[in-house]
Amino acid sequence: MGRGASGKGDLRAADWLVQEMKRRGAQPFEGTSYTHPFTYAINVFEGEMALGDGKQNWSPGVDYIIHSKSNSGKGKASIVYIDKSDSSRFKNSSLKNKAAVLPKLIFSQWMKKGNTQRLQWLYSAACIVLLTEDKLVMGLSDQVFPTVVFECKQSKWSRKLTHLHWDVEQAVVQHNAQNIVGKIEGTQVKDSFIVFSAHYDHLGAMGNSTYFPGANDNASGVSMVLEWINYFTTHPPKYSILFLLFAGEEAGLKGSTRWVEEHIPVLPQIRFLFNLDLVGTGEEGIMLVNGTLYPAEVERIKQINNQSKGLPFIKTRGPAANSDHYPFYLHKVPCFFLYTLGGIAYYHDVFDKPETLRLTHYTDVFQLITQFQNEW
């Protein structure tokens, strides 16, 4: 079900991950439980999902996606096209019982500028379709627009269309999720930790028949964390190792933020955190977010890579709130967020499948970070 709140696919994945941690030899971090539960609100689409011209329904995920803030709705209506040149007509025309179709760029500009009057006029439509030249990228939200909103590829659209049919079932739910946490105790320094983290959740489902597999994002990172459990059970580490697998990342770093908030006393014990996301490619090397903050560590990683000749490039950038390392960074925990570059461009879509993922430099990344960790 795409490891999201819709269909509770993330909870099914969590059950499997707990069993894997046990099987591979990781111990619970706190008490006897591998789980850290929390709750967050999320807009989900678990029922009907349809968009078409009355003669045929188009393909969800391929021809269109639902906007993460869409409301529920079912109906049919004639189309009103809105272009930049005539967008000022909101002052004297009605969209009631109409399907409004406009470029996503115009909608984004209205949102950015806070054009309340134009937006209220647009939301009065029974259905809104945003046309985009870009690839369809699904997201998540806990907010809801006043009406149904789709995003559709411009290349799939015909200006000859005069009517639309749609059906969307939506609800904002309080979702009970859980982070998964395991530990391998250090042989010499038991109360200091190296942390390997990754988020195991993804976008879930869109309707009752379309889901987002999330192979690169982020089954790839989770699998590497599990491989480190295997490695450190047979190569006992000097420092204790924590393995953190987060839920709620796609909904806005919910799981990692909650874990950090509830483990403030533990944070000073973390010597370094490696957060992994999108590590299934690597044709153009890797990126180290926060790399500009830790030049000595970056230089050592580059030296190791030069010796192994594994990765073509190691690039760095500054801090960014783009994955689960960020709540740790805000509390001054030394950390890198590592992701691979190049290769397939499937991201937050229905095409991010295992069969499309080449894992080009997966082993190189694993060996590079393992050697770097072993030098602490």
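Every read-out reported here was derived from the displayed coordinates using simple, explicitly stated rules and does not represent laboratory data. None of the values given here were measured: they were computed from a predicted structure. Please note: Cβ atoms are built from the backbone with ideal geometry, for glycine as well, and neighbour counts cover all protein chains shown.
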Fill in the blank from the handout: Scoring the chain by relative contact order with C-alpha pairs under 8 Å, at least six apart, yields a percentage of 21 percent
Fill in the blank from the handout: So the compactness index of the range 274-337, its C-alpha Rg divided by 2.2 N^0.38 Å, takes the value 1.11
Completion exercise
Between residue 72 and residue 320, the FRET efficiency computed from the C-beta separation at R0 = 45 Å comes out, to the nearest 0.05, as 0.85
Problem - Difference of contour (0.36 nm per residue) and Cα-Cα distance, residue 292 to residue 173 - result: 38.9 nm
Fill in the blank from the handout: Of every Cα-Cα pair in the chain, the percentage lying beyond 27 Å is 53 percent
Handout entry: Principal-axis tilt of helix 220-234 within the chain, Cα atoms, nearest 10 degrees
Key = 10 degrees
Exercise for the section: Note down the nm distance, to one decimal, between modelled labels 7 Å out along Cα→Cβ at residue 187 and at residue 157. Expected result: 6.2 nm
Practice task
Can you tell me which of 13-25, 218-230 comes out highest on packing, and rank the rest after it, using the mean Cβ neighbours within 10 Å?
Solution key: 218-230, 13-25
Practice task
Describe numerically, in nm with one decimal, the distance between label points set 7 Å from Cα along Cα→Cβ at residue 238 and at residue 209.
Solution key: 5.8 nm
Handout entry: Rounded tilt (10° steps) of 104-113 against the dominant C-alpha axis of the chain
Key = 80 degrees
Handout entry: Nearest 10 degrees, 0 to 90: helix 9-24 Cα axis against the chain principal axis
Key = 10 degrees
Problem - 10 Å binning of all Cα-Cα separations within the range 188-338, expressed as whole percents from 0 upward - result: 11, 37, 39, 12, 2, 0
Handout entry: Additional length obtainable on full extension of the chain from residue 62 to residue 143, 0.36 nm per residue less Cα span
Key = 26.7 nm
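DSSP beta bridges in the range 48-168, what fraction antiparallel, as a percent rounded to 5?
Antiparallel bridges: around 50 percent, rounded to the nearest 5.
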Handout entry: Cβ-based charge dipole, the chain, positive-most Cα from 280, 265, 144
Key = 144
Problem - Chain lengthening between residue 271 and residue 330 when straightened (0.36 nm per residue, less Cα-Cα) - result: 19.7 nm
Exercise for the section: Over the alpha-carbon set of the range 259-376, work out the extent along each principal axis and list the three values in angstrom, largest first. Expected result: 42, 37, 22
Completion exercise
extent check for the range 121-254: Cα max minus min per principal axis, descending, whole Å, gives 71, 30, 24
Practice task
Would you work out which of 72, 57, 125 lies farthest towards the positive end of the dipole of the range 48-168, given +1 charges on the beta-carbon of Lys and Arg and -1 on that of Asp and Glu, about the Cα centre?
Solution key: 125
Problem - 111, 138 arranged by Cβ crowding within 10 Å, fewest neighbours leading - result: 111, 138
Exercise for the section: Take the Cβ-Cβ distance between residue 19 and residue 370 as r, set R0 to 35 Å, and report the resulting FRET efficiency rounded to the nearest 0.05. Expected result: 0.90
Completion exercise
Projected convex hull area of the range 48-168, Cα atoms, direction-averaged, in nm², equals 7.1 nm²
